[in-house]
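Working notes, structure below.
The values are calculated or read from the model by the stated rules, or taken from the named source; none is laboratory data. Keep in mind it's a predicted model, so treat the numbers as computed, not measured. Note: ideal-geometry Cβ built from the backbone for every residue, glycine included; neighbour counts use all protein chains shown.
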Amino acid sequence: MSAPTAPPVTIRTGAVPEGKVADFLTQRHVRDTAEEYVRQNLEKALVRQYKYVASDCEPEYPVRVGSSRRRVDVAVFLPGAEHKQENIYLIVETKKPGTSPSNKKEGVEQLRSYLAASLNAKYGLWTNGDEQYCIAKRTDNAGGFSFEEIIDIPAFGQTEAEAQRPSRKDLKPATADNLLFAFRRCHNYIAGTEGKQKAEAFWELLKIIFCKIEDERSKRLDFYVSASERANATTAASVKTRIQKVFNEKVLSKYGAIFPPADTTIDLKPTVVAFVVSQLQGYSLLASPVDVKGVAYEEIVGSNLRGDRGEFFTPRNACRMAVTMLNPQPDQRLIDPSCGTGGFLITAMNHALEHIESAERANWIDPSRGTDEERQELYRARNEYLSQCVYGLDLNPGLVRAAKMNMVMNNDGSGGLWQANSLANPRTWDAETERRVRLGSYDVIVANPPFGANILIDDEEILEQYELASMWDRQDDGSWVRRIDQNGRASLQKNQPPEILFIERCVQLLKPGTGRFAIVIPNGILNNPALGYVRTWLLQNTQILAVTDMARELFQPKNDTQTSMVIARRLDKEEKEAAQRGELEYPIFMATTDQIGHDKRGNTIFRRTEAGDDVLVTRQETISEIDQSTGEEVLKTLEVEERLVDDDLPDVARAYLAWLSEQR
C-alpha cells in the first residue's frame, strides 16, 4: 500500500536579498512588487503555455521610441534571432492590479507606442492581472499600420487564425496563477457589466465553465468566439446561441441535478458571454494541473459563497499533508461529511487516482501516451473508482453545487455528492443519500468540520445519536464516565458545538477495525480540561495514529482558531473493550509545525538558511499537455527551479511515513 513516488527534487541555496525575487527568465534579482507578481506569471505563461523559448524572451528590454529609450516589460524575439529591436516579434506590458488600461502613460496606449516603434513586431499583450488586452499590428500597402484587438496572442508556431479559434491541439494547460487571473477577469466583468450581485455573477460564470469542460470532452469544439463575433451585440448573439446549445445538450443532459429547473438559461448578455468565452477558450481546463485549478476556483468560490456557519476552506498544503499520511487506495471508499467546495475530498480522490494511473501506465507500451485500448481501460478504471468510492456531504446547498463543479474540473466524481445535514439521523436524509451513505461502510474520511460557538447544535433528535452529546462526569481518579439517569438513559447536554459531534459521526461512518480518518480539530478539544471527556471517548473508540499541531497561521487571515490535524483508526469490538479497560497501548506520532507557508496576512513566506540565503528547489514537474499533431493529452516532464516555500507540512508527512514503516 505504498504511496505514489514523488517527483525528484534538488535543493540548493542562493542569495536572494530580502524584498527581491528571482526573475523566471533570467534568474536576476528584481524587486518583489505587485507589478512584478503579474509579470512573473506572464513570463511563466509565455514559456509553459505559449511555448516560446526562454532564450528568445528578455525582460526589461530597452527600445527606442522616438528620441527616447524605454524598457518593455518582456520582449519576445523571432526564433533564434539576435536580441535587436528590429527582431522583436511580440511585446508584453504588465502593470500592477488596479492600473487602468486607458491610462495615457501606463495603459494600452503605451503598448501601442512600443509596437509602433518596433518595425517587425506583430503582436502585443497588456495586462494588470485583472484585465487583459491582446493586440495585432496590421500593416497596409502604403507602409502604414493600424492596431486591432484580438482574442489571444498566437503561441509559438501557431497562426493567428489558430489562436482566435483554437482546435484541440491548440488548447494550453494553465500555469502559475494565470487561470486565477482569467476567472477573476470573467467574474469581475460579469458583475460590473451585468450589474449582478457577486454570487449571481459567480453562478452564471459557473455555467460557462461547465460548458467549457464538457466541450473539451467533445470531438468538435464549439467553445470559441471570433474577433468579429466580439465586435458588437448583434454578432455576439451567435456566440451566446452556440454556448447555450452546449449548455442544453452537453451540460444539462449530464448534470441536470446541479441546476434548478428555473436556472437552465445562461442569464448574461451576448457580449458578456462572448467576453467570458474569449478569456477561457485557449485553456485546457481538463489538462491543467489540479492545484492550478483548485487555487483559481476556490478563491472565486470563497469570495462569493463562504457562509456564516464556520466554513473555512482547508489550505491545500494541509490537505496534501493529511492525504499523504492517510494514503487512500483505489479500492477504498472515501467520504468527506463536511465537504464544502470539495478541496479536501479532491486531494484525497486524486491521490487514489494517481495509484490507478501509475499502475495502468506501467503496463502501457508507451507510458506517456498509450493506445486507444489502453487509454480506454484507464478511463474505465478511473470511472469505476469515481462512481463507487467517492462521496461527500454538506449542509450548504450552494457549497454542494460548487463542489460538484470543482470535481467536474478535477476528474469528476460529482455523482457522489449530496446536500444533507451530516449530523442528522440518516433516516432524515433523502432516500438516495440514505441508501448510498451508510454508517460503518467507509475506509477513509477527510474532514474539516465547521466550528464555532455561534453554531451550536441544540436539536434533541440530533443530540440523542451521540455519546459525546451526553453529560459526562469526572471521577476522583481523573477518568470520565457518561451520566446515566435512573431510567438508564444518558443525560443530554442542552447543546454541543458541531466540531465535537463531527468527531463521533466520522467514527460512526468508518468501518470498525480498519477505517481511518484525518480531521481538523480545534486545539481546545485536545487541551481544555473541561473537554477531557472528548479525549476519553476518542481513546476508547479509536487508535490515535498521529497528532500534528498546526501553526496558528493555518486559517489566517480568515480565522484565528488554533487547530491540529488528527489521524486515527476506528477500533473493532475487541480493541474497544480493551481500550475501555485501559489495556490498549500503542505509540502515537506527534509533530508541531512552526511554519505553514504563509504569514498571518496570507502572504507566502519562503525558507531561508541561517546565513539569510533563500533555499531554492529544482524539481521535476509532470504535466498534461496537448500533443500538437494529434490533439491528444500526453504527459510531459518539466524541470522547474523556484524558491522553497517555508512550510513544515511536507516534512511532517515524510516523517510520519518513515515512522509508520518503522512500526511494522
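On the basis of being among the small types (Gly, Ala, Ser), exposed (fewer than 15 other Cβ atoms within 10 Å of the Cβ) and either without any contact (Cβ under 8 Å) to a residue 40 or more places away in the chain or within 26 Å of Gln132 (Cα to Cα) (or both), does Ser238 make the cut?
The answer is no for Ser238.
Considering only region 19-124, give the strands (runs of 3 or more DSSP E) lying wholly within it that have at least 1 residues that are in contact with a His (Cβ under 7 Å, 6 or more places away or on another chain).
Where strands (runs of 3 or more DSSP E) fall fully within region 19-124 and carry at least 1 residues being in contact with a His (Cβ under 7 Å, 6 or more places away or on another chain), they are 20-22, 57-65, 68-77.
Within region 464-545, considering only strands (runs of 3 or more DSSP E) that don't extend past its boundaries, which have at least 1 residues that are within 22 Å of Val652 (Cβ to Cβ) and either out of contact with any Lys or Arg (no Cβ under 6 Å at 6 or more places or on another chain) or modelled with pLDDT of 95 or more (or both)?
516-522
Regarding region 222-231, can at least one residue be identified that is under 13 Å from Ile266 (Cα atoms) and either of a type outside the set (Val, Ile, Thr) or surrounded by fewer than 17 Cβ atoms within 10 Å (Cβ to Cβ) (or both)?
Looking through region 222-231, none of the residues is under 13 Å from Ile266 (Cα atoms) and either of a type outside the set (Val, Ile, Thr) or surrounded by fewer than 17 Cβ atoms within 10 Å (Cβ to Cβ) (or both).
Could you list all residues from region 79-99 that are hydrophobic (A, V, I, L, M, F, W, C) and in contact (Cβ under 8 Å) with a residue 40 or more places away in the chain?
Passing the criteria: Leu90, Val92.
Which pairs do you get when a residue that is farther than 15 Å from Ala257 by Cβ and at pLDDT below 85, found in region 399-415, comes within reach of a residue that is aliphatic (A, V, I, L, M) and outside any helix (DSSP H, G or I), reach meaning Cβ atoms under 6 angstrom, with the pair 6+ apart or on two chains?
Pairs found: Met409/Leu285.
Do the conditions hold for Asn188, that is, is it touching a residue at least 24 places away in the same chain (Cβ under 8 Å), surrounded by 20 or more Cβ atoms within 10 Å (Cβ to Cβ) and among the polar types (S, T, N, Q)?
For Asn188, the condition - touching a residue at least 24 places away in the same chain (Cβ under 8 Å), surrounded by 20 or more Cβ atoms within 10 Å (Cβ to Cβ) and among the polar types (S, T, N, Q) - is not met.
Could you grab me the full set of residues in region 265-288 that are out of contact with any Leu (no Cβ under 6 Å at 6 or more places or on another chain) and either over 25 Å from Cys134 (Cα atoms) or among the polar types (S, T, N, Q) (or both)? Can you show your working first?
Let us first name the residues in region 265-288 that are out of contact with any Leu (no Cβ under 6 Å at 6 or more places or on another chain), namely 265-283, 285-288.
Residues satisfying the conditions are Thr265, Ile266, Asp267, Thr271, Ser278, Gln279, Gln281, Ser288.
Please verify whether region 174-190 includes one or more residues that are touching a helix residue (DSSP H, G or I) at 6+ places or on another chain (Cβ under 9 Å) and more than 25 Å from Lys44 (Cβ to Cβ).
Yes, region 174-190 contains at least one residue that is touching a helix residue (DSSP H, G or I) at 6+ places or on another chain (Cβ under 9 Å) and more than 25 Å from Lys44 (Cβ to Cβ).
Any chance region 59-78 includes a residue that's over 29 Å from Ser284 (Cβ atoms), among the basic types (Lys, Arg) and without any contact (Cβ under 8 Å) to a residue 24 or more places away in the chain?
yes
Sort through Asn178, Asn128 and tell me the only one that's in contact with a Pro (Cβ under 6 Å, 6 or more places away or on another chain), modelled with pLDDT of 90 or more and surrounded by 20 or more Cβ atoms within 10 Å (Cβ to Cβ).
Being in contact with a Pro (Cβ under 6 Å, 6 or more places away or on another chain), modelled with pLDDT of 90 or more and surrounded by 20 or more Cβ atoms within 10 Å (Cβ to Cβ) holds for just one of Asn178, Asn128, which is Asn128.
Residues Leu463, Leu456, Leu468: which one is within 30 Å of Met349 (Cβ to Cβ) and of a type outside the set (Lys, Arg)? Before the answer, list the steps.
Numbers: Leu463 fails: within 30 Å of Met349 (Cβ to Cβ); Leu456 fails: within 30 Å of Met349 (Cβ to Cβ).
The match here is Leu468.
May I ask you to list pairs of residues, at least six apart or on different chains, whose Cβ atoms are under 7 Å apart, with the first in region 557-572 being outside any strand (DSSP E or B) and the second being of a type in the set (Val, Ile, Thr)?
Leu571/Thr542
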